[in-house]
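> Take this structure first; my questions come after.
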Amino acid sequence: MDELFSIGQLSKLFNIKIPTLRYYDEVGLLKPAKVDDTSHYRYYSTEQFERLNVITYLRALNLSIDAIKDFFEARDISRLQEMLGEQKQQVQQQILALENVNRRIDARLDQVRDAQNSTLDKLELIELPEVSIISLDENYQPTQDIEFPITTLRKKYGLDKNIFLGKIALRLSRTDLLKGQFGQYSGLLLILEPGDTEDATATLSAGQYLRVRFHGTHENASKSYSQLVDYCQKNSLEIVGDAIETSLIDYGITDDYEKYVTEIRVPVRKNN
């Protein structure tokens with residue numbers, strides 16, 4: 001008769017927890033060779049080692065218990081090929097998802113480094129590419145809690161379960177900007193980053209922008225908006241669109257207010 005191994009010995013040999021082996025028994029995946037009528041202890045023979053090795057291999061591939069049971073019931077090469085092919089597709093999807101997360105992390109690290117190295121209160125003319133966004137047209141005042149409209153935006157477009165998803169920005173209308181009215185924003189938007197797969201609802205046009213970065217948050221932005229408007233008037237620049245304000249470093253990254261950096265950019269063109 002083959003040597004029998006207790007469930008504890010099998011657990012140590014295969015580095016599998018005893019509750020897991022009991023569960024395999026309960027669902028019919030790995031029945032013991034013998035169960036003592038008196039103690040109800042489970043005992044396994046070497047014949048079951050190969051089956052347990054296959055179970056361990058397939059579980060490592062993240063196949064479900066039901067799928068593994070189906071395989072053992074069929075014991076067919078074509079069924080195994082089918083199962084592994086399906087699992088390969090799932091793995092490829094997981095790899096793609098992780099690559100997207102990695103791109104988002106790289107983008108966020110680049111953003112933080114760039115913000116840390118910024119020269120604050122310096123007006124700069126820069127060229128920017130077209131950027132995809134998801135937009136929410138909802139008025140927002142600096143004295144309001146921004147988290148509510150952000151949550152509204154995420155839920156409206158099914159973004160509430162996404163991680164590292166884009167940069168939140170505020171929109172100040174061109175009309176209010178030219179009137180010198182900086183106390184209310186006309187919209188909220190999500191600037192999509194590399195790795196974001198959601199469908200954009202609009203874009204920020206490519207072209208020339210006047211940009212300034214300053215210490216603080218949107219509550220401190222009025223002075224910088226005035227500087228942008230004054231600079232355009234003195235340098236024959238026409239403001240051709242809404243201003244976009246983005247927190248590059250804020251409470252979501254650090255508790256140190258002295259390190260907060262916010263950016264405002266305004267699309268412009270040179271008057272002839």
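The values are calculated or read from the model by the stated rules, or taken from the named source; none is laboratory data. What you are looking at is a predicted structure, and each value in this text was computed from that prediction instead of being measured. With ideal geometry, Cβ positions are generated from the backbone for all residues, glycine too; neighbour counts draw on all protein chains shown. Calculation scope for accessible area: heavy atoms of the full protein, side chains included, ligands and nucleic acids excluded. Shrake-Rupley method; radii C 1.70, N 1.55, O 1.52, S 1.80 Å.
> Within the range 43-53, track down each residue that is surrounded by 15 or more Cβ atoms within 10 Å (Cβ to Cβ) and within 15 Å of residue 29 (Cβ to Cβ).
Hits for the range 43-53 are 44, 48, 51, 52.
> Could you please find all residues in the range 111-136 being within 16 Å of the chain's Cα centre (by Cα) and assigned to a helix (DSSP H, G or I)?
Of everything in the range 111-136, just one residue is within 16 Å of the chain's Cα centre (by Cα) and assigned to a helix (DSSP H, G or I), namely 111.
> So in the range 184-195, with the set limited to residues that are touching an Asp or Glu at 6+ places or on another chain (Cβ under 9 Å) and more than 14 Å from residue 138 (Cα to Cα), which one is most open to solvent (accessible area, probe 1.4 Å)?
Checked the range 184-195; the qualifying residue most open to solvent (accessible area, probe 1.4 Å) is 194.
> Taking the range 54-70, which residues are part of a helix (DSSP H, G or I) and open to solvent by 50 Å² or more (accessible area, probe 1.4 Å)?
56, 57, 59, 60, 66, 69, 70
> Is there any pair linking a residue in the range 82-108 that is open to solvent by 60 Å² or more (accessible area, probe 1.4 Å) and part of a helix (DSSP H, G or I) to one that is of a type outside the set (Ser, Thr, Tyr) and modelled with pLDDT under 85, with Cβ under 7 Å and at least six apart or on different chains, and which?
Qualifying pairs under 7 Å: 103/194; 103/195; 105/164; 108/164.
> Related question: Given the condition modelled with pLDDT under 95, in contact with a helix residue (DSSP H, G or I) (Cβ under 7 Å, 6 or more places away or on another chain) and not in a strand (DSSP E or B), answer yes or no: does some residue in the range 197-209 qualify?
Looking for residues that are modelled with pLDDT under 95, in contact with a helix residue (DSSP H, G or I) (Cβ under 7 Å, 6 or more places away or on another chain) and not in a strand (DSSP E or B), one finds at least one in the range 197-209, hence yes.
> Of the residues 258, 263, 219, 238, which is open to solvent by 50 Å² or more (accessible area, probe 1.4 Å), charged (D, E, K, R) and either closer than 23 Å to residue 204 by Cβ or in contact with a Ser or Thr (Cβ under 7 Å, 6 or more places away or on another chain) (or both)?
That would be 238, the only listed residue that is open to solvent by 50 Å² or more (accessible area, probe 1.4 Å), charged (D, E, K, R) and either closer than 23 Å to residue 204 by Cβ or in contact with a Ser or Thr (Cβ under 7 Å, 6 or more places away or on another chain) (or both).
> Here is a further query. Go through the residues of the range 67-83 one by one and say whether even a single one is of a type in the set (Phe, Trp, Tyr), at pLDDT 80 or above and under 18 Å from residue 26 (Cβ atoms).
Within the range 67-83 (the criterion being of a type in the set (Phe, Trp, Tyr), at pLDDT 80 or above and under 18 Å from residue 26 (Cβ atoms)), the answer is yes, since at least one residue qualifies.
> In addition: Could you figure out which of (1) at pLDDT below 70; (2) open to solvent by less than 90 Å² (accessible area, probe 1.4 Å); (3) under 30 Å from residue 231 (Cα atoms) isn't true of residue 158?
Going through the list (1) at pLDDT below 70; (2) open to solvent by less than 90 Å² (accessible area, probe 1.4 Å); (3) under 30 Å from residue 231 (Cα atoms), residue 158 breaks only (3).
> Right, here's the next one. Determine if the range 162-184 includes at least one residue that is in contact with a Pro (Cβ under 8 Å, 6 or more places away or on another chain), at pLDDT 75 or above and of a type in the set (A, V, I, L, M, F, W, C).
No, the conditions are met nowhere in the range 162-184.
> Name every residue in the range 210-220 that is more than 19 Å from residue 111 (Cβ to Cβ) and part of a strand (DSSP E or B), in order of residue number.
Across the range 210-220, the qualifying residue is only 210.
> Filter the range 1-19 down to residues that are out of contact with any strand residue (DSSP E or B) (no Cβ under 9 Å at 6 or more places or on another chain) and surrounded by 13 or more Cβ atoms within 10 Å (Cβ to Cβ), then give me how many there are.
4
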